[in-house]
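Undergrad: First the structure, then my questions, so here it is.
The values are calculated or read from the model by the stated rules, or taken from the named source; none is laboratory data. Please read these numbers as outputs of a predicted model, since none were measured by experiment. Using ideal geometry, Cβ is built from the backbone for each residue, glycine included, and neighbour counts are taken over all protein chains shown. The area values use the complete protein model at the heavy-atom level, side chains included, leaving out ligands, DNA and RNA. Shrake-Rupley method; radii C 1.70, N 1.55, O 1.52, S 1.80 Å.
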Amino acid sequence: MHRRLSLLSACFCLLFVPFATHAQKSPIALTGTLVMPQEVIPQGTVLIQNGRILASGADVKLPAGTKVVRTEGIIAPGLIDLHNHLTWNIFPRWKPVQEFGSRYDWQQKPAYSVLMAVPHNALVKQGLECEMERYAEVKAISEGETSVTGSLPSPCVRGLARNLDYDPELQGSFGKIIYNVFPFQMSEQELADVTAALSAQPRGALLIHVAEGAPNDASTAREFTLLKGRGLLRPGVSLIHGVALKPANFAEMAKQGVGFIWSPRSNIELYGDTANVAAARAAGVRMALAPDWSPTGSDGLLGELNYASVWNQGQSPSPFTERDLVLMATSNAAELAGLSGQIGSLAPGHAADLLVVRKEGQDAYWTLTHSTPQDLQLVLIGGDPLYGDPVLLQQVTGSHGERLEVCGTPKAVVVDGKPFAETEKTLDHALHQFGRHLAPLSECGN
Ligand SMILES: [Zn+2]
């Protein structure tokens, strides 16, 4: 949604090869309530080995030597974030004193420049971009995210979240995922790359910001026509924001197989309203949910699920069920990224990207859309336990990890290299030059 240093980043994806380096020597089984694609299994088991889900269900036969961890929680696929700008998540919430007509309005305001753009770009120039990325990925994981987009186009961070739109180590088997903030500024070469990716087998994905502004802003609405003129209403493309899209636009998107990525909190904070998702749903558009960035959106996808659920309850009629919202952060997002069958589900054969949240109430979907970062008990990416409650993390890994505190609740993270606390200290110190400070991992409900 904002100006980043690289507007176009891409991946050459054999997504799961690097995770083989994190293979478990022996299988691990997690027990709890399973959120499966079509059903919830109250007392189920997920069996994991070598970064993959081997089996899942109510009755799973465990090989000899399996380590069994009873979570007593809800086990769900890791959340897939198709709309973020990770390095900007070092900033605390930005509260503009007005609503804007379009993204081009606030991007030229001195307040945005002083508070955000100048310090962000200065920190990058000081060589801190990898620290910014590292901080943002831990923040995303602390919100239940296992796959992210909007990474920097440099190999800064390995072994944390999956960077769907950029990873030079990944080559081959999956479509190229292209994430673009300003699609109308693409060069002819960039457009040719996009066309090639969308025409390839397997097909790539193009995730683009379009029609971001107030619902009745004429210039914002016009972007849909411009997009058609560039030949980009085609399968594999997903539009991000789309606040000014009309029901007829969503009908055309559904007809052309174009997806939609919804970011309600950031829309409402910047423009006073969000996209007409009821029309998108009625038209049959495939939809994902994503937080945009933490300055005006949510800290991550758990927060955005909470926000979307509250928004949804306030509509009459509500366009979505709680299950719909969970699918928008998991299997629907995987589908829009061209990664169905790989991530976004606990079904056998998928990457072992999953989360565990504290069980509350009877409905697992409702629990997921109402969980806070304090409730997040465990996150595994490619079978690697990277984050969670210290006690549970130790049961799975045998190590405590590095201690953190999130909203007064003890958590732990497993990171390679120097301590995460040093990254936080470095960034906070650098931001002080600009009268700013590092955002907390979680706003804790503020
Ligand atoms: Zn954005």
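Undergrad: Step by step: first the residues of region 72-97, then only those that are over 13 Å from THR296 (Cα atoms) and part of a strand (DSSP E or B), then the one that is most open to solvent (accessible area, probe 1.4 Å). Which residue is that?
TA: Selected residue: GLU72.
Undergrad: Still on this structure: One residue is enough: does region 98-113 have a residue meeting the conditions assigned to a helix (DSSP H, G or I), farther than 28 Å from ILE141 by Cβ, outside the structural domain of THR369 (by TED's automatic domain parsing) and open to solvent by less than 40 Å² (accessible area, probe 1.4 Å)?
TA: Yes, region 98-113 has at least one match.
Undergrad: Which ranges mark the helices (runs of 4 or more DSSP H) fully within region 255-347 that have 1 or more residues being surrounded by fewer than 24 Cβ atoms within 10 Å (Cβ to Cβ) and within 16 Å of the ligand (Cβ to nearest atom)?
TA: Where helices (runs of 4 or more DSSP H) fall fully within region 255-347 and carry at least 1 residues being surrounded by fewer than 24 Cβ atoms within 10 Å (Cβ to Cβ) and within 16 Å of the ligand (Cβ to nearest atom), they are 264-271, 301-313.
Undergrad: Still on this model: Can you name every residue in region 191-229 that is of a type in the set (Ser, Thr, Tyr) and more than 16 Å from the ligand (Cβ to nearest atom)? It would help to see each step written out before you state the result.
TA: Restricting attention to region 191-229, the residues satisfying the condition of being of a type in the set (Ser, Thr, Tyr) are 195, 199, 219-220, 225.
Residues satisfying the conditions are THR195, SER199, SER219, THR225.
Undergrad: Checking LEU386 against (1) more than 30 Å from GLY257 (Cβ to Cβ); (2) not assigned by TED's automatic domain parsing to the domain that holds ALA29: exactly one of these is not met. Which one?
TA: So the condition that LEU386 fails would be (2).
Undergrad: Quick check: is even one residue across region 369-380 open to solvent by 20 Å² or more (accessible area, probe 1.4 Å) and part of a loop (DSSP other than H, G, I, E, B)?
TA: yes
Undergrad: Would you point out the residue of region 395-446, among those that are assigned to a helix (DSSP H, G or I) and over 22 Å from ASP384 (Cβ atoms), that is most open to solvent (accessible area, probe 1.4 Å)? Walk me through how you get there before you give the answer.
TA: If we filter region 395-446 for residues that are assigned to a helix (DSSP H, G or I), which is where we start, we get 395-397, 420-432.
From what's left, over 22 Å from ASP384 (Cβ atoms): 425-432.
Working: LYS425: 153, THR426: 49, LEU427: 0, ASP428: 46, HIS429: 138, ALA430: 5, LEU431: 0, HIS432: 107 Å².
Taking the candidates together, the pick is LYS425.
Undergrad: If you don't mind, there's one more thing I want to ask. Return the pair list, or none, for Cβ contacts closer than 6 Å from residues in region 179-190 that are open to solvent by less than 10 Å² (accessible area, probe 1.4 Å) to residues that are more than 12 Å from the ligand (Cβ to nearest atom), at least 6 apart or on different chains.
TA: TYR179/SER9; TYR179/ASP165; ASN180/LEU8
Undergrad: Any residue that is assigned by TED's automatic domain parsing to the domain that holds VAL148, within 27 Å of LEU302 (Cβ to Cβ) and within 16 Å of the ligand (Cβ to nearest atom) - is there at least one of those in region 180-190?
TA: Checked region 180-190: at least one residue is assigned by TED's automatic domain parsing to the domain that holds VAL148, within 27 Å of LEU302 (Cβ to Cβ) and within 16 Å of the ligand (Cβ to nearest atom).
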